[in-house]
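Quick notes on the structure that follows.
The values are calculated or read from the model by the stated rules, or taken from the named source; none is laboratory data. What you see is a predicted model, and the numbers here were worked out from it, not measured in a lab. Glycine also receives a Cβ, built like all others from the backbone with ideal geometry; neighbour counts cover every protein chain displayed. Side chains are part of the model used for accessible areas, which takes the heavy atoms of the whole protein and leaves out ligands, DNA and RNA. Shrake-Rupley method; radii C 1.70, N 1.55, O 1.52, S 1.80 Å.
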Amino acid sequence: MGHQRLLSKIATNDKHGENSPYFDGWKAYDRNPFHPTKNPQGVIQMGLAENQLCFDLIEEWIRNNSKASICTPEGVHLFRDIANFQDYHGLPQFRKGVANFMSKARGGRVKYDPERILMSGGATGANELIMFCLADPADAFMVPTPYYPAFVRDLGWRTGVQLIPVHCDSSNNFKITREALEEAYREAKQNNINVKGLIITNPSNPLGTTLDKETLKSLVRFINEKNIHLVCDEIYAATAFTTPRFVSISEVMLEMECKKELIHIIYSLSKDMGLPGFRVGIVYSYNDDVVSCGRKMSSFGLVSSQTQHFLASLLSDEDFIDRYLEISKRRLAKRHSFFTKGLETVNIACLPSNSGLFCWMNLRRLLKEKTFEGEMKLWRVIINEVKLNVSPGSSFNCSEPGWFRVCFANMDDETVEVALKRIRAFVGRETNNGKRVELKRWKSINTNKLRLSFNSRRFDENVMSPHSPMPHSPLVRAT
């Protein structure tokens, strides 16, 4: 009791979400990680939205551009300048490089002003920074479901902002409708909640879909009429690998009358370039006051000057960036096709998608009962017996049980093959006249090590992102 009084409410509440039973899945992976030769029967990590398909391109660029780093004989002459640099505006060439990359990732159809680029520690920091600029504690942001589970932490843990779900469902492939927005807004108002804005992810995590131009225009009309903010999380912009192409909110703004000062973009290099450890988060706001305040606030989460310096060089290499974006799209398309076709052989459908590093997999027919309890039971079987860490839809606040997010870009081709084999064997077993035939392949595994403890209550939907203070905790890879 005395201990509690010594600390703040933030230090003693559990809104960070680390205590969620959801993380038993990460613990299962951490205790028994798959390795093709050392541990071929371990848990395969498919809950991690990382893009590891193009590291070879960046590594090759580094070998050919050693002067880009201050830690090489060719680059060390700039060491003192870079080591001393701490201006919260950021290196001018870094901001210029980011603005240029943002434009290229959106097909060159829009241009960005380097003077409006604000830095933060990853998209996590960028999302929090924009909330600190736009909302007070107890104010609310509306967010369409299903949504990234760690929004609960990123947007609300330290800011005190609350999230209002805008319920979308599979009847129209989870599209955001004006009716759903109006209903969520009306309900919040009836409960005397001050709604400050709407946040969307486009392309969507977890759906892997992009919003069409008409939907984006209807969202802009909605926020204009209500005079609330629109925050567009576009961190998966360059992962759109097939048609329909990705349309940025910036593009829509060019085509319609709107209150520009209400629109803000969150960006990062974690997904599009596969650099989550670099902690490059970007706020791009069309509001001058937000740019001014956000820049001062970015002091709390600057990108290291060494990282800025390296990326300034990488991002200003136009030929490399064009080639990178092209090859990345091709590889993502190939991996997505390979994975979804593999699932189709056992009649598992995914929501049709054109972007992202994951699929939204429909396992409703495998649920023993069509409830969230049933979903959790199936999820435990997938982790304990099939040995795959996938993410249950309820952790994304999905309104229907039976959907799972499965990541496919954080592993090599061989691991994908193994994962597909396990899924196919499992589905075959489940649909084999309903008999639960234990597969010999898994008999040898000591599942006692993987007994998971779950609370009887339905678990909190707070899920974390990768940067935890504990190096081996389940949070390390939970994006």
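Of the residues 421, 377, 440, the single one that is within 23 Å of residue 36 (Cα to Cα), open to solvent by 80 Å² or more (accessible area, probe 1.4 Å) and modelled with pLDDT of 95 or more is 421. Would region 427-437 turn up any residue that is at pLDDT 95 or above and within 29 Å of residue 35 (Cα to Cα)? Within region 427-437, not a single residue is at pLDDT 95 or above and within 29 Å of residue 35 (Cα to Cα). For region 264-305, a residue qualifies if it is outside any strand (DSSP E or B), open to solvent by less than 30 Å² (accessible area, probe 1.4 Å) and within 21 Å of residue 111 (Cβ to Cβ), and the qualifying residues are 269, 272, 273, 287, 290, 291, 294, 295.
Note on region 306-362: residues that are at positive phi and surrounded by 20 or more Cβ atoms within 10 Å (Cβ to Cβ) amount to 1. Between 198, 211, 181, which is among the aliphatic types (A, V, I, L, M) and assigned to a helix (DSSP H, G or I)? Exactly one residue qualifies, and that residue is 181.
Looking across region 125-143, the residues that are in a helix (DSSP H, G or I) and either within 17 Å of residue 268 (Cα to Cα) or in contact with a Ser or Thr (Cβ under 9 Å, 6 or more places away or on another chain) (or both) come down to 125, 126, 127, 128, 129, 130, 131, 132, 133.
Picking from residues in region 111-122 that are out of contact with any strand residue (DSSP E or B) (no Cβ under 9 Å at 6 or more places or on another chain) and assigned to a helix (DSSP H, G or I), the one that is least open to solvent (accessible area, probe 1.4 Å) is 114.
For region 325-332, does any single residue satisfy the condition of being under 19 Å from residue 112 (Cα atoms) and not in a loop (DSSP other than H, G, I, E, B)? There is at least one residue in region 325-332 that is under 19 Å from residue 112 (Cα atoms) and not in a loop (DSSP other than H, G, I, E, B). Against the test of being assigned to a loop (DSSP other than H, G, I, E, B) and touching a helix residue (DSSP H, G or I) at 6+ places or on another chain (Cβ under 9 Å), the options 174, 222, 241 yield a single qualifying residue, 241. Where helices (runs of 4 or more DSSP H) fall wholly inside region 8-80, the ranges with 3 or more residues that are outside the structural domain of residue 389 (by the TED database) are 9-12, 55-64.
A single entry from 111, 104 fulfils the requirement of being assigned by the TED database to the domain that holds residue 234, touching a Leu at 6+ places or on another chain (Cβ under 8 Å) and among the basic types (Lys, Arg): 104. Residue count for region 136-179, restricted to those that are more than 25 Å from residue 124 (Cα to Cα) and either without any contact (Cβ under 8 Å) to a residue 12 or more places away in the chain or crowded, with 19+ Cβ neighbours inside 10 Å (or both): 4.
To keep it simple, each residue is scored yes or no on (1) of a type in the set (D, E, K, R); (2) within 30 Å of residue 77 (Cα to Cα).
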| site | (1), (2) |
| --- | --- |
| 290 | no, no |
| 304 | no, yes |
| 327 | no, no |
| 335 | yes, no |
| 366 | no, no |
| 376 | no, no |
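When you check residue 215 against the structure, is it open to solvent by 30 Å² or more (accessible area, probe 1.4 Å) and on the phi < 0 side of the Ramachandran plot, yes or no? Answer is no for this residue.
Scanning region 89-110 for residues being touching a residue at least 24 places away in the same chain (Cβ under 8 Å), open to solvent by less than 80 Å² (accessible area, probe 1.4 Å) and either part of a loop (DSSP other than H, G, I, E, B) or among the hydroxyl-bearing types (Ser, Thr, Tyr) (or both) gives a total of 6.
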